[in-house]
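Novice: Sharing a structure here in structure tokens format.
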Amino acid sequence: MRLLATFALAGVLVFGPAARAEDEGSIGVEIKIDDGKIVVVKPLNGSPAEKAGLKPDDVIVKIDDYKIKDNVQPEDLEATVKEISKHKPGDKIKVGIKRGDKDMTLEVTVGKRSEIVPKKE
């Protein structure tokens, strides 16, 4: 199963359109479900995710104290987005990742969605 979503804090609901304020938080990373895991497709250029060191193919396993369960389903992806959506621009969050066979924790400073996510024309 391949789903793409912008990992936008309080900014993008994974399923369906919704009105969003432009000053909501975001870390600016495109993610997908791949083989039951939340996998980074790419961080957006200049985004907090890119600045913190997130890379394509990183597997996200934890957001602060929220552990992402094994065998992720679409509703788990949505729950993960909601878990981080409580953070505001300027907040620092810890993103636990697996890169190859290494476990890492990256600190990401949440940015403003309007400054990270390109506007659709």
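What follows is calculated from the coordinates using simple rules that are stated; it is not laboratory data. None of these values were measured; they are calculated from a predicted model. Heads up, the Cβs are rebuilt from the backbone with ideal geometry, glycines too, and the neighbour counts pull from every protein chain shown.
Novice: Below 15 Å, Cα to Cα, which aspartates and glutamates can Lys37 reach? Residues fewer than 8 away in the same chain don't count.
Specialist: Cα-Cα hits under 15 Å: Asp57, Asp58, Asp70, Glu75, Asp76, Glu78, Asp101, Asp103.
Novice: Which far-off residues, 5 or more places away or on another chain, put their amide H under 5 Å from the one on Val29, with H placed in the peptide plane?
Specialist: It is Phe7, Leu44, by chain and number.
Novice: What are the ³J(HN,Hα) couplings of the range 90-99, residue after residue, when phi is run through the Karplus curve with 6.51, -1.76, 1.60 and θ = phi - 60°? Round to Hz, x for glycine and proline.
Specialist: Couplings: x, 5, 9, 10, 9, 10, x, 10, 10, 10 Hz.
Novice: Suppose each label sits 7 Å from its Cα in the direction of the beta carbon; what would the Lys51-Lys88 distance come out to in nanometres?
Specialist: Computed distance between label sites Lys51 and Lys88 equals 1.8 nm.
Novice: For the range 66-121, take the convex hull of the Cα atoms, compute a quarter of its surface area, and give me that in nm², please.
Specialist: Average projection, Cα convex hull of the range 66-121: 5.4 nm².
Novice: Once you list every other residue whose beta carbon is under 11 Å from the beta carbon of Gly28, what net charge do they have if Lys and Arg are +1 and Asp and Glu are -1?
Specialist: Its environment carries a net charge of +1.
Novice: Enumerate the amide H contacts of Lys37 below 5 Å, restricted to partners 5 or more residues apart or on another chain; note that Pro and chain-start residues carry no placed amide H.
Specialist: Those qualifying (amide H under 5 Å, at least 5 residues apart or on another chain) are Val72.
Novice: A further question follows. Can you work out ³J(HN,Hα) from phi for every residue in the range 29-36, in order, using Karplus 6.51 cos²θ - 1.76 cosθ + 1.60 and θ = phi - 60°, giving whole Hz and x for Gly and Pro?
Specialist: Rounded to whole hertz, the list is 9, 8, 10, 8, 9, 9, 6, x.
Novice: Another one. Can you compute 3J(HN,Hα) from phi for each residue in the range 52-69, using the Karplus curve 6.51 cos²θ - 1.76 cosθ + 1.60 with θ = phi - 60°, rounded to whole Hz and x for Gly and Pro?
Specialist: 7, x, 5, 10, x, 6, 5, 9, 7, 10, 7, 10, 6, 8, 8, 8, 7, 6
Novice: Using 0.36 nm per residue, how much length does the chain from Lys67 to Asp103 gain when fully extended, once their Cα-Cα distance is taken away?
Specialist: 11.6 nm
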